[in-house]
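A short write-up of the structure that comes next.
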Amino acid sequence: MKEIAEEMAKKHKEISVAEFFEKNRHLLGFDLKTKAVVTCVKEAVDNALDACDELNYALLKKGKSIVPPEIYVEVKNTEETFDVMENTNVIGEYVKRGREHLLVLNGKKFKLVNKKENELNFEIDNEKARIIFNGERFKIFLNNKEMQTKTRSKKYRLIVEDNGLGIVKEQIPYTFGKFLYGSKFHRLKESRGQQGIGIHSAVLYAQLTTGKPARITSRISPDKPAHVVEVMIDTVKNEPEIISESIDENFKKERGTRVELEIEGIYISKGKRSVYEYLKQTSIINPYVSIKFKDPDGNVFEFKRKTNEIPKEPREIKPHPHGIELGILKRMIKKTTSRSIYGFLMNEFCKIGPSSAKQIIKIAAIKEKNPKELEIHEIESLLKAMQRVKLARPPLDCLSPIGQENIEKSLKDETGAEFVCALTREPNVYRGMPFQVEAAIAYGGKITLEKAEILRFANKIPLLYDASSCAILKAIQSVHWKNYNIEELNGIPLGPIVILVHFASVWVPYTSEGKSAIASYPIIIKEIKLALQEIARKLKLYLSKRYYAQRRKERILTFMKYGEEVTQALSELTGEKKDEIKKILDKLIKKSNDIVEMEEIKETNKIEGEENERREED
């Protein structure tokens, strides 16, 4: 008789990462149908932007002109399915698939006999049905009795096209059909993609909800054909499954990639979590990109390029010793080609020079030998020594900020604000990872909000969801806005204000694979708070100047409004000439104006003094 453990052992088996995400797609941002459409567009656009950047960086290295990035996004409504009900009981369904209309009621498939602009007429066995359209809404009648309807599913075809560097034909299936496959996971430099999960999750969601493969068209050169590959993911093996391959003779771009996915979801035309809003925010934080968007109703929106200057290319760096943990150090030692500990430290890490390497070995109290011969207690000693030795911060050219001027111009163009102020802080480090914070405030003008709108970004990607768990929101709420003459509610500024925060890093600490929020490391919250405080001080100064200017204007207007009557009355009472009295009143107006100006200067000096004190405290 076999033991229970032996019987249970037969049931153990390995699962692939694709199979795991197949059952846990909510981790990737597909927990809601409204969120699914935005997530799929987001993943495809992020890849497209990276492809455009990679192409331009390569062209600049060769001394050639850049290709201004262009992104085209289209969402097509391909199918809608509705349950038809009578007294809450489902009696059939109505399916709208392109120009095709299918109606089944009480088990009978009705035949379309008449089609008008806003009306469809069906018949079968002396029964008549009619559908009347009113924009996106409609009513269904069976034998002149109105039926209830309920949306069961909506399907969309998403198209995202770029003019980036393209993808080699042999790599297309793996780029879209194999989880954790990519070139960015091991690189320590700023990029939108990190894990090799994003676009693969969109392909997986498409095949789960519609059973349709992803259709990828890509060309790498004007001299090469545009290859078309239809691919799905074998979730058991985490391997791409090629459905078909062909050549597209009509692909117009010299280089670039076109991604087409058919998914089930719910499209939201406008709002904080819509495709339109995602693309608008993408345009704000990537002002060098031109984006064209066509929605399901055929409306076309263009987010024009605001600058021809692309951000500087981020450089890849090696790991910093202060961000290393024991398990990672063991793995690095196992894979190193260095034959000495001294060489290992010098070759595998940044900011370790000859003297630093000798100091680490001395503090660790280990003999010089091949690092692969180190015992576990010696590796622990080496790690502790690496943490103790004072080293310079990691190189900061691995980051690629948007820049203060570009953010100000982009935000002003988008919001029409009367005041815009942006700031790019000096880089800092968390867990040995370099990061940089950029922040901006837009106020007044065409902004008509009663409560501040918050725009969150990470590595030039808009973050639309999970704001409550994000370090950016927590940093905003930690600022005492009343100190800057701005009313607040629950830590959020009130008034016509837009707050923008961009977090750039070689490795963004997202709270989940869905990349919706930044983890709340204290050092990250502190840096964001300092940036916000500095631009808030500038807004306070502006508001103070505006207040005194308004006050001065009101005083002058008051004198001007009643000046003639006062002059006439004083002339009659005193017998003095009106011209003499008017000269005296003009002097009073000037004196009043000078007093307000002096008050404004005093207040400005006071605010600037407070700003300098706070900056010194920071």
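Taking the condition of being touching a residue at least 24 places away in the same chain (Cβ under 8 Å) and under 20 Å from K304 (Cα atoms), how many residues in the stretch 408-441 meet it?
Start the filter on the stretch 408-441 by keeping residues that are touching a residue at least 24 places away in the same chain (Cβ under 8 Å), which leaves 408-419, 421-423, 425, 427-441.
Those still in the list that are under 20 Å from K304 (Cα atoms) too: 408-417.
Looking only at that region, the number is 10.
Test V259 against the stated conditions and say whether it is within 21 Å of the chain's Cα centre (by Cα), closer than 21 Å to L158 by Cβ and either modelled with pLDDT of 95 or more or in a strand (DSSP E or B) (or both).
Yes: the conditions hold for V259.
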Output yes when any residue across the stretch 75-98 is part of a helix (DSSP H, G or I), within 27 Å of the chain's Cα centre (by Cα) and touching a residue at least 24 places away in the same chain (Cβ under 8 Å), and no when none is. no
Here are the criteria: (1) on the phi < 0 side of the Ramachandran plot; (2) out of contact with any Gly (no Cβ under 6 Å at 6 or more places or on another chain). Tell me which single one N87 does not satisfy. (1)
Selection from the stretch 265-304 of residues that are surrounded by fewer than 20 Cβ atoms within 10 Å (Cβ to Cβ), in a strand (DSSP E or B) and touching a Lys or Arg at 6+ places or on another chain (Cβ under 8 Å): S290, V300, F301, E302
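Suppose the filter is at pLDDT 90 or above and in a strand (DSSP E or B); does F141 pass it? Lay out the reasoning, then the answer.
Working: at pLDDT 90 or above: yes; in a strand (DSSP E or B): yes.
Yes; evaluated as a whole, the condition is true for this residue.
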May I ask you to list the residues in the stretch 295-338 that are of a type in the set (A, V, I, L, M) and farther than 30 Å from E405 by Cβ? I324, L326, I328, L329, M332, I333
Residue in the stretch 395-413 that is surrounded by the fewest Cβ atoms within 10 Å (Cβ to Cβ), counting only those that are among the hydrophobic types (A, V, I, L, M, F, W, C) and in a loop (DSSP other than H, G, I, E, B): L396
Go through (1) more than 28 Å from the chain's Cα centre (by Cα); (2) without any contact (Cβ under 8 Å) to a residue 24 or more places away in the chain; (3) under 22 Å from V506 (Cα atoms) for I352 and report which single condition fails. (2)
Quick check on the stretch 465-481. Is at least one of its residues touching a helix residue (DSSP H, G or I) at 6+ places or on another chain (Cβ under 7 Å), within 24 Å of I324 (Cα to Cα) and modelled with pLDDT under 90? no
If I ask for residues that are touching a residue at least 60 places away in the same chain (Cβ under 8 Å) and surrounded by fewer than 21 Cβ atoms within 10 Å (Cβ to Cβ), which ones from the stretch 318-332 would you list? K318, P319, H322, G323, I324
For the stretch 244-303, the count of residues that are of a type outside the set (A, V, I, L, M, F, W, C) and over 21 Å from S410 (Cα atoms) equals 25
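Answer yes if at least one residue in the stretch 343-350 is assigned to a loop (DSSP other than H, G, I, E, B), in contact with a Lys or Arg (Cβ under 9 Å, 6 or more places away or on another chain) and on the phi < 0 side of the Ramachandran plot, and no otherwise. It would help to see each step written out before you state the result.
Keep residues of the stretch 343-350 that are assigned to a loop (DSSP other than H, G, I, E, B), which gives 349-350.
Those left that are additionally in contact with a Lys or Arg (Cβ under 9 Å, 6 or more places away or on another chain): 349-350.
Filter again for on the phi < 0 side of the Ramachandran plot, leaving 349-350.
Yes, there is a match, as at least one residue in the stretch 343-350 is assigned to a loop (DSSP other than H, G, I, E, B), in contact with a Lys or Arg (Cβ under 9 Å, 6 or more places away or on another chain) and on the phi < 0 side of the Ramachandran plot.
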Single match in L383, L345, L374 (criterion: within 29 Å of E313 (Cα to Cα) and surrounded by 15 or more Cβ atoms within 10 Å (Cβ to Cβ)): L345
Given (1) surrounded by fewer than 22 Cβ atoms within 10 Å (Cβ to Cβ); (2) in contact with a Pro (Cβ under 9 Å, 6 or more places away or on another chain); (3) of a type in the set (A, V, I, L, M); (4) in contact (Cβ under 8 Å) with a residue 24 or more places away in the chain, index of the condition I220 fails: (2)
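Do you know which of the residues in the stretch 474-505 that are among the β-branched types (V, I, T) and out of contact with any Pro (no Cβ under 6 Å at 6 or more places or on another chain) is farthest from A417 (Cα to Cα)?
Taking the stretch 474-505 and keeping what is among the β-branched types (V, I, T), we get 476, 479, 486, 492, 497-499, 501.
Then keep just the ones that are out of contact with any Pro (no Cβ under 6 Å at 6 or more places or on another chain); that gives 476, 479, 492, 497-499, 501.
Numbers: I476: 20, V479: 22, I492: 19, I497: 9, V498: 9, I499: 12, V501: 17 Å.
Out of the qualifying residues, it is V479.
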Residue satisfying condition, being under 26 Å from V37 (Cα atoms), touching a helix residue (DSSP H, G or I) at 6+ places or on another chain (Cβ under 8 Å) and of a type in the set (F, W, Y), within set F179, F138: F179
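Every residue in the stretch 151-169 that is within 15 Å of Y94 (Cβ to Cβ), surrounded by fewer than 20 Cβ atoms within 10 Å (Cβ to Cβ) and at pLDDT 90 or above, please. Before the answer, list the steps.
Step one: filter the stretch 151-169 for residues within 15 Å of Y94 (Cβ to Cβ), giving 151-155.
Add one more test, that the residue is surrounded by fewer than 20 Cβ atoms within 10 Å (Cβ to Cβ), and what stays is 151-153, 155.
Of everything in the stretch 151-169, just one residue is within 15 Å of Y94 (Cβ to Cβ), surrounded by fewer than 20 Cβ atoms within 10 Å (Cβ to Cβ) and at pLDDT 90 or above, namely K155.
The values are calculated or read from the model by the stated rules, or taken from the named source; none is laboratory data. Note that this is a predicted model, so its numbers are computed, not measured. Every residue, glycine among them, receives a Cβ derived from its backbone with ideal geometry; neighbour counts consider all protein chains shown.
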